[in-house]
Amino acid sequence: MADKESNNCEVNREVRHLVSMANDIADNLGFRAEAGDNSAERIADHINRFWAPRMRALLLEYAAADGKDLSAALLSALEKLKT
Amino acid sequence: MSDIQQPLTQLRILDLGTPAPRDSAAQVSLEIDGQQVQVDAGTSVMRAAALLGINVPKLCATDSLDAFGSCRMCLVEIEGRKGMPASCTTPAEDGMVVNTQSGKLEKLRKNVLELYISDHPLDCVSCPSNGGCELQDVAADLGVEETRYGLQGLNHQQAAKDESNPYFTFDPSMCIVCYRCVRACDDIQGSFALTVDGRGFESKVSAGQMESFMDSECVSCGACVNSCPTAALEDKAVIEMGQPQKSTVTTCAYCGVGCAFEVETRANDQGADEVVRMTPYKDGRANEGHACVKGRFAFGYTSHKDRITKPMIRDSIDEAWREVSWGEAIAFTASRFRQIQSEYGRDSVGGITSSRCSNEETFLVQKLVRAGFGNNNVDTCARVCHSPTGYGLKTTLGESAGTQAFDSVDKADVVMLIGANPTEAHPVFGSRLKQRLREGAQLIVVDPRKTELVNGPHIRAAHHLQLLPGTNVAFLNAMAHVIISEGLADEDYVNQRCEIPSWEDWCDFIRLEENSPEHLQAVTGIPADELRAAARLFAGAGNAAIYYGLGVTEHSQGSTSVMGIANLAMATGNLGREGVGVNPLRGQNNVQGSCDMGSFPHELPGYRHISDANVRGLFENEWQVKLHEEPGLRIPNMFDAALGGVFKGLYCQGEDIAQSDPDTQHVEAALKSLQCLVVQDIFLNETARFAHVFLPGSTFLEKNGTFTNAERRISRVRKVMPSRSGKEDWEITMDLANALGYPMQYSHPSEIMDEIARLTPTFSGVNYAKLDRLGSIQWPCNEAAPEGTPTMHVDEFVRGKGYFAITGFVPTRERSTRKYPLLLTTGRVLSQYNVGAQTRRTGNVVWADQDLLEIHPVDAEDRGICTNDWVGIASRAGDTVLRAVVTDRVQPGVVYTTFHFPETGANIVTTENSDWATNCPEYKVTAVQATKVTRPSEWQKKNAAFNRRQKALLDKARV
Ligand code: SF4
Ligand code: SF4
Ligand code: SF4
Ligand code: FES
C-alpha cells in the first residue's frame, strides 16, 4: 500500500516535470507569439521531434484532466501533438 | 588487415633543431656540405642541414622552441663570412655555402662540450637518462668520453634535488643551463614558472623565486621535462623503472582537446609491458607536442588496485557481489532484460553511452539499444554538457559541431571567451590561446568569475564582462543590439550567406529597446558602456573568434545561447575561414564522438532524425531489423519513467550518472527502483552501488578505437597492453547483443568504423588505414573532402543559408530568494577531471583533494565564514557541506564550487531545471544559502553509511 502511494506521488512528479519542460519550450519558441506567428507549429514540432510517445501522452492526459498549469502558448500547440 | 591491428611502434621523431618558419612565402636554396637544399625563407641553417639528414651538434636548440643561441655547440662555417656563426640562429640565405664539418669546428665544439661536462656528473651508466640524454649523444658524436677538467672541479654537483612534484624531479647538478625548460614554460605553456638566477658559471635554474616546483606557479604540464636535454628534469617513473623500450601513438582519454601521445612502455620482470611515460606527440595536430598534467602524468589509475577486473552479479543491491565468469554475467544480464521486456514491454529498458568510450563502442551501444532492445531509449552523458551545442549549431548553421581547427586561433585578432576556463579545463588549448594573446590578439572574457585569463602572467583581457549566472542570453542580445544599432554588422556577408527573412526578422527583434545594454545592465550586471566597448572591439576585428564552454550550455537557455553565439558570428561575418568561428570547448574526451555516433534518442548516427524513413531504411537494411520511428527517452525522462514504474532495466556504459547528474537524491531513488542496472566501468563507481551487474571495462591503454575531439578530429586509440578484464568494451556490448539474440560479429573495431562509414555521409571516407596514414582526420571526410575538413562552412553553410534564430531572453526559474539568496555556479580545476574517478586515483590529488566553496569576502563576512571553515550549502533540492575559500574571484551574491569528489555531493544541491530544448541540466545556476556549520550534512552521513555497506558487499566478492 505504502508502495502504491509513493508511486502515485512519483507519477505526479513525472507529470509536473513534463509540464515544466513543455512550458519552457513554449516560453522559448512562443517568445514573440503574435497574430500570424507560427509558434504553435514550432512548439508542437519540437515536442513531436524530441519527446518519446509516452511523454506526449502523459502531457495530453494532464491537459485533458486538469491542464491549469499549461501556458497559453503551449495550449495553442497541443492539438498539433502526435498521439 | 594485420598492419592495422599492430600497434604502431614509433621511433622518436627527429629533432630538426628549430621550428619551421611561419607563413613563409619565398624559397631559398643553399649548399650544405656539398649538397644542395631548398627551404622556406626564414629556415635556420641548422634546420636546413637537418632536412638533408646532416646532424649539427646542439644542446640549447630543439624544434619545439625558438632558437636561443646560448650553447655555442652548433657552430658552422659559412663561405664569405667571418668567424663561426651559430647555425640555430642563422637564417638560411639564397646562395649560401655552408660547411658543418672541419677540424677547427670539431676542436671548438669539443672545447665547449668539455666545459659542460666538467660541471656534470659523469656517471652515465647509473644515470636515469642513460640512453635518452642529448648531452651524452653529443659527447658520443664528438668522441668525448672523459673530461680534462676532472670531476672534482668547481661545480654544482652538490646542489640538492627538488622532489616536490609528484611526477618529476629536478636535479640541479645535471643542469647545463640551456634555458630550454625556461623557454618551454614561457613560450609553450605560458606559466612563466621558471627563472635563471645569477650569471655565467654561477647561473642556476629554479622554479619561481628559488622556490620548490610545488610552491611555484608550476602547473606540472611537463613541457620543461620534455625539453630538458639531460637528466636534470626527469620523470620519476623513468628514474624508478628505467628508459622506455617501445612507443605507441595514441590519444589522451581525458578532455576534449584530444592530445596525441606516445605511450612509452617497458617490459617488466614478467615480460608484461608497463607504461613508463606518456610523452606528447609532436606530430599530433591537436596538441603539437604539448600536454597537461592530466594526460601527461595522471595515468596511474589504469593500474590502480581499485580496478575491478572480474564480472560481478547480484540479485539485489542489498546482497554481496558475486564474482562470476563472463559467460555467466552476460547470460544473467540477457535473461533479466528479456524478462523485463516481456513483463513491462519493449520500452521498459534502455542504455546510456559514454563520452569516455570510443566512437566504435558508443556506436555499438546505440546499435544494441535500437536494434537489440528494439526501442530508441539511448542517451549519453553528453546530454549533461553539450547537447545545446548540437541543437543550437544545427539550427543556425546546419551542423552540430564546432567550426574550426584549434590552430585557427593562431590567426584570430579578437577572441571572445564565454563561460569557459580553458587554462583549467582545456589546458593545452589554453596554452595555445595564451601564445596568441601574447602575440597581441585581444581577449574578451565573459564569465561570472575572475579566471586566470582575465589577468594572468603577461596576459590581460581587454574586457572582463562579469555577468550574473543565468543571463547569457541577455548579454548576447545586448551585444547584438550594439552591433546592429551602431551599424557594425557585415551586411555583405549576411546578404550573401544568410537567409534574409530570418535576418530581417532578427534585426527587428534585436533592435528593440529591451535588448539594449542600458536596459539589460540591471539584469546582467554588466555596465552598458563596457559592453558597448566590447561589442565594438568584437565587431571591428579582422578575425573574431568565439570560444565557449559549459558556462554557456548548462543553463535553462543553453540552446538559445548557442544560437545567439552563432548569430553574432554570422552578423559580423566571422564564419567560414581560419581565425574566426564558433568553437565549443568539449568536456570529456569523446563528447563530440558520442554525439556523432547517434547517442541521442531522437537521432541516428550523423545527426539524422529517427523519423526520417529514408535514413531509417538505410540502417534497417544494414542491420537487418525494423527500427522504431519515434524518439526514445532522455536520461532525466528515463529516471522519471523509472519512478513512474514503467522503466526497469538500464545498461550504462562508462558513465557515473549517480554522481554527474543533477539532483542526486532523485537520481538515486530512480536507480534504486530499477530491476536490472548494468554498469560497465573500470571502477565500482557511485552508480555501481545501485547495480545488479558489473561488467569490468578496459582503459584506453587496453583497447583499439578512435576518439573525436572538440575540433571534429578523429584520432586513433591504440592498444598497448592486454585488457585487464579480458575484454575491450566493444566486445562486452557485442556479447550482450548476441546473448539477447541480436547477432553482432566484429573481430576488430576497424570493422565497426567501416560500418559507421557506410552509414554516415560525414564519415564515409574514414577508415583505419587512412587514419594510420594521415595521423588524424577532421570530419566531414568524404568524396568532397577525402582528407577531412579543418574549417567548416567555407563557401556556404552546411544548412545552405545561415539562419538567424530569435533568441528571446527567458529568465530561469531559479532565482535568488530570501531563503536562498546566493547563486551557486560550478566548474573545474586543472588537476582533476569530471567526476574524478580517474584523477582522484593518481598523484594529482596533491593539487586538489576536495571540492571547495568559493565565496566573496562580503558574503563571507555577513555569515561569519572564514577560509577553511565548514560551510553548509542548501538549495531547494538538498544540502551538503564543504570547506570555504574566501576570495574575490567570485562576485558578491555568487558562490562557486567544483564537483570532482563524491563525498561532497555537489549535485545534491543542483536542481532538475534544464535547457528548454535539450534538457541539459542547469548546473550553472542554483539558488542556495550558505551557513557556517560544524557537521556533515544528513545526505553526506547517509551516503557515507551507504558507501561503507556497499564497500563491505564488494569486499565479500573479492576475498
Ligand atoms: S611543468 Fe610546465 S608549468 Fe611546471 S615548470 Fe615545467 S613547463 Fe612550467
Ligand atoms: S633543467 Fe634541463 S632544460 Fe633546464 S636549463 Fe637545465 S639542462 Fe636545460
Ligand atoms: S589537454 Fe586534455 S587531451 Fe590534452 S593532455 Fe590535457 S587532458 Fe589530455
Ligand atoms: S644549439 Fe645553437 S647555440 Fe645552442
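The values are calculated or read from the model by the stated rules, or taken from the named source; none is laboratory data. It should be emphasised that the depicted structure is a prediction, and the values quoted were computed from it without experimental measurement. Using ideal geometry, Cβ is built from the backbone for each residue, glycine included, and neighbour counts are taken over all protein chains shown. Please note that ligands, DNA and RNA were not included when accessible areas were found on the heavy atoms of the full protein model with its side chains. Shrake-Rupley method; radii C 1.70, N 1.55, O 1.52, S 1.80 Å.
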Can you list residues from other chains, or at least 5 along the same chain, whose modelled amide H is less than 5 Å from the amide H of B:Val871? B:Leu882, B:Arg883, B:Ala884, B:Val933
Taking the alpha-carbon centre of each part, the distance from the stretch B:54-133 to the stretch B:778-793 in Å is 43
Based on DSSP, what percent of beta bridges with both residues in chain B are antiparallel, to the nearest 5? 60
Which lysines, if any, have their Cα less than 19 Å from the Cα of B:Lys104, not counting same-chain residues under 8 positions apart? B:Lys58, B:Lys82
Averaged over its residues, how many other protein chain Cβ atoms are within 10 Å of peptide B:798-808's Cβ atoms? 1
Hits among aspartates and glutamates - C-alpha to C-alpha of B:Lys727 under 19 Å, sequence gap 8 or more where chains match: B:Asp273, B:Glu274, B:Asp306, B:Glu323, B:Glu328, B:Glu360, B:Glu361, B:Glu655, B:Asp681, B:Glu702, B:Asp735, B:Glu751
Suppose we compare each residue of the stretch A:46-65 in its chain alone and in the full protein complex with a 1.4 Å probe; which ones drop by at least 50 Å² of accessible area? A:His46, A:Arg49, A:Phe50, A:Arg54
Would you mind giving the mean number of other chain beta-carbons within 10 Å of the Cβ of each residue in B:644-653, as a whole number? 2
Once both label points are put 7 Å beyond Cα along the C-beta direction, the B:Leu618-B:Ala331 separation in nm becomes 4.0
Could you order the peptides B:362-373, B:667-678, B:592-603, B:338-349 from most to least packed, using the average number of other C-beta atoms within 10 Å per residue? B:592-603, B:362-373, B:667-678, B:338-349
Using label points projected 7 Å from each Cα along Cα→Cβ, tell me how many nm separate B:Thr887 and B:Lys104, to one decimal. 5.9
Packing-based order for B:281-287, B:756-762, using average beta carbon neighbours within 10 Å, highest first: B:281-287, B:756-762
Relative contact order of chain B, defined on C-alpha pairs under 8 angstrom at six or more residues apart (%): 13
For B:Val871, what charge total do you get from the other residues with a beta carbon under 10 Å from its beta carbon, if Lys and Arg give +1 and Asp and Glu give -1? +2
Determine the distance separating the Cα centre of the stretch B:295-324 from the Cα centre of the stretch B:563-619; give it in Å without decimals. 34
Nearest-ten-degree value, helix B:500-511 long axis tilted from longest Cα axis of chain B: 90
Accessible solvent surface per residue of the protein assembly as shown, calculated while the other protein chains remain in place, 1.4 angstrom probe, Å²: 36
What does the charge count around B:Cys252 come to, taking other residues whose C-beta lies under 10 Å from its C-beta (Lys +1, Arg +1, Asp -1, Glu -1)? +2
Looking at this model, which pairs from B:Lys204/B:Lys246; B:Lys367/B:Lys450; B:Lys204/B:Lys294; B:Lys246/B:Lys310; B:Lys305/B:Lys942; B:Lys703/B:Lys942 are more than 32 angstrom apart at the alpha-carbon? B:Lys204/B:Lys246; B:Lys367/B:Lys450; B:Lys703/B:Lys942
In Hz, Karplus ³J(HN,Hα) per residue of the stretch B:666-671 (6.51, -1.76, 1.60; θ = phi - 60°; x = Gly, Pro): 5, 4, 5, 4, 5, 5
Per 20 Å bin, what is the whole-percent P(r) computed from every C-alpha pair distance within chain B? 13, 44, 34, 9, 0
Which value, in square angstrom to the nearest 100, describes the accessible area buried between chains B and A on both sides, using a 1.4 angstrom probe? 2600
Percent carbon-and-sulfur accessible area, the protein assembly as shown, ignoring ligands, DNA and RNA, probe 1.4 Å: 49
Between the chain alone and the structure with every protein chain in place, find the residues of the stretch B:595-612 that drop at least 10 Å² of accessible area; heavy atoms, 1.4 Å probe. B:His602, B:His609, B:Ser611
Which aspartates and glutamates have a Cα less than 20 Å from the Cα of B:Lys107, not counting those fewer than 8 places away in the same chain? B:Asp33, B:Glu77, B:Glu79, B:Asp119, B:Glu134, B:Asp137, B:Asp141, B:Glu145, B:Glu146
Show the residues, 5+ positions off or on another chain, whose built amide H is closer than 5 Å to the amide H of B:Leu16. B:Asp63
For the protein assembly as shown, share of DSSP beta bridges that run antiparallel, in % to the nearest 5: 60
Tell me what the protein assembly as shown gives for mean residue ellipticity at 222 nm when only DSSP H runs of n ≥ 4 count, each as -39,500 (n - 2.57), the sum divided by the residue total, rounded to 500 deg cm²/dmol. -9500 deg cm²/dmol
For chain B, find the longest principal axis of its Cα atoms and tell me its angle to the long axis of helix B:558-571, 0 to 90°, nearest 10. 50
